[in-house]
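So the structure is just underneath, and the comments pick up after that.
Any read-out appearing in this document is the output of simple, stated calculations on the displayed coordinates, not a laboratory observation. Given the structure is predicted, the values throughout are model-derived calculations rather than measurements. Ideal geometry is used to build each Cβ from the backbone, glycine not excepted, and the neighbour counts take in all protein chains shown.
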Amino acid sequence: MPSVFGLFSLRGRTALVTGGTRGIGEALAVALAEAGSDIILVQRDTSNTSTQEKIEELGQKAYIYTADLGSASEVASLVPRVLQDGHGIDILVNCAGIQRRHPAHQFPDNDWNEVIQVNLSTVFTLCRDVGAHMLTREPKDGHRGSIINIASLVSFQGGITVPAYASAKGGIAQLTKAFSNEWASKVINVNAIAPGYIATDMNEALIKNEERAASILARIPAGRWGVPDDFKGSIIFLASRASLYVSGEILTVDGAGTRTCYRGSWLCAARQLDPDVLPKTYALPQISSNARADSSSGQSGGISRSISTWHIMQ
Ligand SMILES: NC(=O)c1ccc[n+]([C@@H]2O[C@H](COP(=O)([O-])OP(=O)(O)OC[C@H]3O[C@@H](n4cnc5c(N)ncnc54)[C@H](OP(=O)(O)O)[C@@H]3O)[C@@H](O)[C@H]2O)c1
C-alpha cells in the first residue's frame with residue numbers, strides 16, 4: 001500500500017476533461033495537473049488556450065481536442081481520435097454542461113434536446129467509449145481508471161424552470177451508478193460530484209438577481225456560494241487510488257446546502273416565477289421568513305450578512 005501522499009498522486013496518468021475552458025472544469029483540470037496528470041482538454045475550438053497554458057506552467061502536458069459536445073457525431077468520433085493518436089486515458093472527467101431556463105409549460109423542444117445531448121447523452125457516450133478503452137488495459141497499481149461525472153443538486157430535486165437540466169442531471173446520477181455496477185469489479189471507479197450553487201458563468205442570471213442570490217445564500221449553511229477551487233480536493237480523491245473502494249457515489253460539494261431543503265426554500269425560489277403559475281394556496285412569505293437561522297443576529301440580520309458576504313465575493 002503506498003503512502004498517503006502516494007495514494008493521491010496522479011503522476012504518470014492522463015485525464016480527459018470536458019468543459020475545461022472555464023468555471024468548475026478549469027479548476028478540475030488544473031487540480032489534476034497539480035497532482036501530476038497530463039490533461040486532454042476537449043473544447044469546442046482552440047481559441048481559448050488559458051487552461052492549456054496553466055497546465056503547461058505546472059510542467060504537465062496539455063493537449064486540446066476539438067468537439068462540439070452538442071453534436072452526437074462529433075462526440076462519437078472523439079475517443080477513437082484520441083486513441084489513434086496514441087494516448088491512453090486513465091481518468092475521464094465529464095464536466096461540460098449547459099443550462100436553459102423556461103417555465104415548464106413553455107419549454108421549447110430545441111432547448112430540451114440540446115440540454116439532454118450535452119448534459120446526458122454525451123456523458124453516456126464518453127463513459128462508454130473511455131470505459132471500453134480502460135477495460136482493455138492492464139491495471140496500474142491495482143487500478144484501471146476513474147470516471148467522474150458532474151451531477152448537480154437537481155440530480156436529487158426537480159428544480160424550478162429547469163426541467164431538461166434536472167432530467168439530465170438526474171440521469172447522470174443513475175448512469176454513474178449503472179456504469180459503476182458493471183465496472184467496479186474491473187477496478188474502474190465511476191463516481192459523480194454534485195455541486196451546490198457555484199459562482200460561475202452558468203449562474204450569471206441568478207447572480208445578477210440580487211434577491212434570488214440572497215435567497216439562495218440564505219439556504220447555504222456554509223454562508224457563501226461555492227467557487228471552482230472548492231472542487232480541487234474532491235476531484236483528486238475521486239481520480240486517484242485514494243478512492244479505490246469508492247464507486248457509484250454521488251458526492252455533494254455544496255456547503256451543506258442539500259441539508260436545508262425544506263418547504264420554505266422551495267417557496268423562496270418560487271417567488272421568482274410568474275405568480276400565476278404558482279398554486280393559489282401558497283401564500284408566498286417575505287424573504288426574511290426564509291432566512292438561515294442566525295443565532296447572533298436573528299433572521300433578517302442573517303440575510304443582510306449573507307448579502308454582504310456575496311458582495312465581498314464579487
Ligand atoms: N455552477 C453551478 O452552480 C453548478 C451547479 C451544479 C452543477 N454544475 C455543473 O458543473 C459543470 C460545470 O459548470 P460551470 O458552472 O463551470 O459552467 P460554465 O462556467 O458555464 O462552463 C461550462 C463549460 O462547458 C463547456 N461547454 C458547454 N457546452 C459545450 C459544447 N456544446 N461543446 C463543448 N463544450 C461545451 C463550456 O465551453 P465554452 O467555454 O466553449 O462555452 C465550458 O467549458 C456543468 O456540468 C454544470 O451543469 C454547475
Task: Hits in the range 5-62 - residues which are assigned to a helix (DSSP H, G or I), more than 15 Å from the ligand (Cβ to nearest atom) and among the small types (Gly, Ala, Ser) - done: 6, 33
Task: Residue among 205, 194 that alone is assigned to a strand (DSSP E or B), among the small types (Gly, Ala, Ser) and either within 10 Å of the ligand (Cβ to nearest atom) or in contact (Cβ under 8 Å) with a residue 60 or more places away in the chain (or both) - done: 194
- [ ] Quick one: count up the residues across the range 116-139 that are among the hydrophobic types (A, V, I, L, M, F, W, C), within 16 Å of the ligand (Cβ to nearest atom) and out of contact with any strand residue (DSSP E or B) (no Cβ under 7 Å at 6 or more places or on another chain).
- [x] 4
Open item on the list: Only one of 76, 96, 72 is away from the ligand (no atom under 13 Å from the Cβ) and of a type in the set (Gly, Ala, Ser). Can you tell me which?
Closed with: 76
Open item on the list: Among (1) in a helix (DSSP H, G or I); (2) touching a residue at least 60 places away in the same chain (Cβ under 8 Å); (3) within 13 Å of the ligand (Cβ to nearest atom), there is one condition residue 113 misses while meeting the rest; what is its number?
Closed with: (2)
- [ ] Kindly provide the set of residues from the range 136-156 that are in contact (Cβ under 8 Å) with a residue 60 or more places away in the chain, part of a loop (DSSP other than H, G, I, E, B) and surrounded by 16 or more Cβ atoms within 10 Å (Cβ to Cβ), ordered by number.
- [x] 151, 156
- [ ] Six or more apart or on different chains, Cβ under 6 Å: which pairs go from a residue in the range 69-98 that's under 19 Å from residue 148 (Cα atoms) to one that's in a helix (DSSP H, G or I) and charged (D, E, K, R)? Could you list them?
- [x] 79/129
TODO: Search the range 208-262 for residues being of a type in the set (Val, Ile, Thr), under 30 Å from residue 144 (Cα atoms) and assigned to a helix (DSSP H, G or I), and hand back the single one that is farthest from the chain's Cα centre (by Cα).
DONE: 236
- [ ] Considering each of 36, 25, 12 in turn, give the residue that is in contact (Cβ under 8 Å) with a residue 12 or more places away in the chain and crowded, with 21+ Cβ neighbours inside 10 Å.
- [x] 25
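In the range 77-87, what count of residues is obtained for those that are exposed (fewer than 15 other Cβ atoms within 10 Å of the Cβ) and of a type outside the set (Ser, Thr, Tyr)?
Summing the residues that are exposed (fewer than 15 other Cβ atoms within 10 Å of the Cβ) and of a type outside the set (Ser, Thr, Tyr) in the range 77-87 gives 5.
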Open item on the list: Can you list residue pairs whose Cβ atoms sit under 6 Å apart, with the first residue in the range 116-135 being in contact (Cβ under 8 Å) with a residue 12 or more places away in the chain and β-branched (Val, Ile, Thr) and the second being more than 16 Å from the ligand (Cβ to nearest atom) and not in a helix (DSSP H, G or I)? Count only pairs 6 or more apart in sequence or on different chains.
Closed with: 130/89
Task: Single residue of the range 160-193 satisfying the filter (aliphatic (A, V, I, L, M) and out of contact with any strand residue (DSSP E or B) (no Cβ under 6 Å at 6 or more places or on another chain)) that is surrounded by the most Cβ atoms within 10 Å (Cβ to Cβ) - done: 168
